[in-house]
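Peer 1: A single structure is presented below for examination.
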Amino acid sequence: MQPQVIIADDHPLFRTALKQAIVECLPDAGVIEADCFDDLLIGVEANPNLEIVFLDLHMPGNNGFTGLTQLQNHYPDLVVIMVSSDDNVQTMQKAISFGAAAFIPKSADLTTIGQAIEVVLDGEVWLPSHVETDTIDNENSQANQHLAKQLAQLTPQQYIVLTQIADGRLNKQIAYDLDIKETTVKKHVSAILVKLKVNNRTLAGLAYQQLMLAAPENRSD
């Protein structure tokens with residue numbers, strides 16, 4: 001049985017190209033498309049058999065690796081492949097250290113995309129050939145891996161509360177937004193601090209903000 005795939009990217013032309021590569025590699029795969037992160041989440045919820053997500057690094061609702069870690073937190077069995085024209089080596093290595101199965105530059109041709117998909121389906125990690133994989137296990141990478149593991153320990157509700165903390169929301173505001181009691185928010189905050197091993201909500205918010213990247217200038221991804 002071929003895997004079910006969802007492409008999350010706000011550029012229709014790239015979605016079409018990526019879909020072509022997927023169909024050539026996996027002719028019987030079911031492919032769903034989403035042009036924003038909220039639609040991606042709706043698609044994932046509606047299709048429990050989904051196995052692979054192609055996620056744009058910069059798209060509405062996703063900033064850097066926030067979407068990657070949210071998917072890992074909410075749907076740990078999904079395989080996430082990052083795609084972007086923002087393809088500097090540090091960004092690609094950071095994606096892998098945060099748990100992505102691959103990072104495919106949008107400049108890649110269909111053959112390369114197909115090779116990346118095959119490697120991922122074999123359970124391996126894929127990066128472009130010019131990226132030195134033996135440099136990934138450096139100090140920064142280990143710190144990113146540690147943060148990813150801490151975020152994975154949060155419950156889905158705690159993860160959402162953390163995103164609100166990072167946005168500077170107060171407990172009362174978070175309670176209103178999530179339609180829960182303020183005492184419940186306080187319990188979530190306390191649990192978040194313990195799991196992230198930080199002393200206050202400011203540090204928790206800063207930890208989450210490490211996932212974010214500045215959108216590239218003259219963005220074409």
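Peer 1: Treating the Cα atoms of region 154-209 as identical point scatterers in vacuum, please give the log10 of the normalised Debye intensity I(q)/I(0) at q = 0.29 Å⁻¹, two decimals.
Peer 2: Result of the Debye calculation: -1.27.
Peer 1: Per 0.36 nm of contour for each residue apart, how much would the distance between Asp167 and Val194 grow if the chain were fully extended, relative to their Cα-Cα spacing?
Peer 2: Extending this stretch completely gives an extra 7.8 nm.
Peer 1: How big is the dipole moment of the chain about its Cα centre under a simple scheme where the beta carbon of each Lys and Arg is +1, that of each Asp and Glu is -1, and everything else is neutral? Debye, nearest 20, please.
Peer 2: The calculated dipole for the chain is roughly 1300 debye.
Peer 1: Sort Ser84, Ser141 so that the residue with the fewest other Cβ atoms within 10 Å of its own Cβ comes first and the one with the most comes last.
Peer 2: Placing the least packed residue first, the sequence is Ser141, Ser84.
Peer 1: May I ask you to work out the translational diffusion coefficient for the chain at 4 °C, viscosity 1.567 mPa s, via Stokes-Einstein with Rh from the Kirkwood sum over Cα pairs, reported in whole µm²/s?
Peer 2: 72
Peer 1: Report the semi-axes of the equivalent ellipsoid for region 49-120 in whole Å, largest first, where each axis is √(5λ) for an eigenvalue λ of the Cα gyration tensor.
Peer 2: So the equivalent ellipsoid measures 18, 15, 11 Å along its semi-axes.
Peer 1: While we're on this one: Roughly how big is region 79-167's charge dipole about its Cα centre, with Cβ charges of +1 (Lys, Arg) and -1 (Asp, Glu), in debye to the nearest 20?
Peer 2: For this selection, approximately 320 debye.
Peer 1: So for the chain, taking the charge dipole from beta-carbon charges (+1 Lys/Arg, -1 Asp/Glu), which of Val83, Gly64, Tyr208 sits furthest toward the positive end?
Peer 2: The residue sitting most towards the positive pole is Tyr208.
Peer 1: Another question, then. With the cut-off at 23 Å, tell me which of the pairs Lys149/Lys172; Lys94/Lys149; Lys94/Lys172 have Cα atoms farther apart than that.
Peer 2: Lys149/Lys172; Lys94/Lys172
Peer 1: Using 0.36 nm per residue of separation minus the Cα-Cα distance, give me the extension gain between Gln90 and His74 in nm, one decimal. Don't jump to the answer; show the numbers that get you there.
Peer 2: Working: separation 16, 0.36 × 16 = 5.76 nm, distance 2.60 nm.
Separation in residues times 0.36 nm, less the Cα-Cα distance, equals 3.2 nm.
Peer 1: Can I ask one more? What value in Å³ per residue do you get for the convex hull of the alpha-carbon atoms in region 4-135?
Peer 2: Residue-normalised Cα hull volume stands at 96 Å³.
Peer 1: Further question: For the chain, which span is the longest to avoid every loop-located (per DSSP) member of GluC sites (Glu not before Pro) having at most 16 other Cβ atoms inside 10 Å? Please report the intermediate quantities before stating the final value.
Peer 2: Details: sites that count: Glu124, Glu132, Glu217.
So the longest stretch without any such site is 1-123.
Peer 1: Sticking with this one: What list do you get for Met212, Met92 if you sort them by fewest beta carbons within 10 Å?
Peer 2: Working: Met212 13, Met92 24.
Ascending Cβ contact count within 10 Å gives the list Met212, Met92.
Peer 1: When Phe65, Phe103 are ordered from fewest to most other Cβ atoms inside 10 Å of their Cβ, what list results? Before the final figure, lay out the partial values.
Peer 2: On the way: Phe65 28, Phe103 25.
Least crowded to most crowded, the residues run Phe103, Phe65.
Every number in this text was worked out from the coordinates using simple rules, so none of it is lab data. Here the structure is a predicted model, which means the values were calculated and not measured. Every residue, glycine among them, receives a Cβ derived from its backbone with ideal geometry; neighbour counts consider all protein chains shown.
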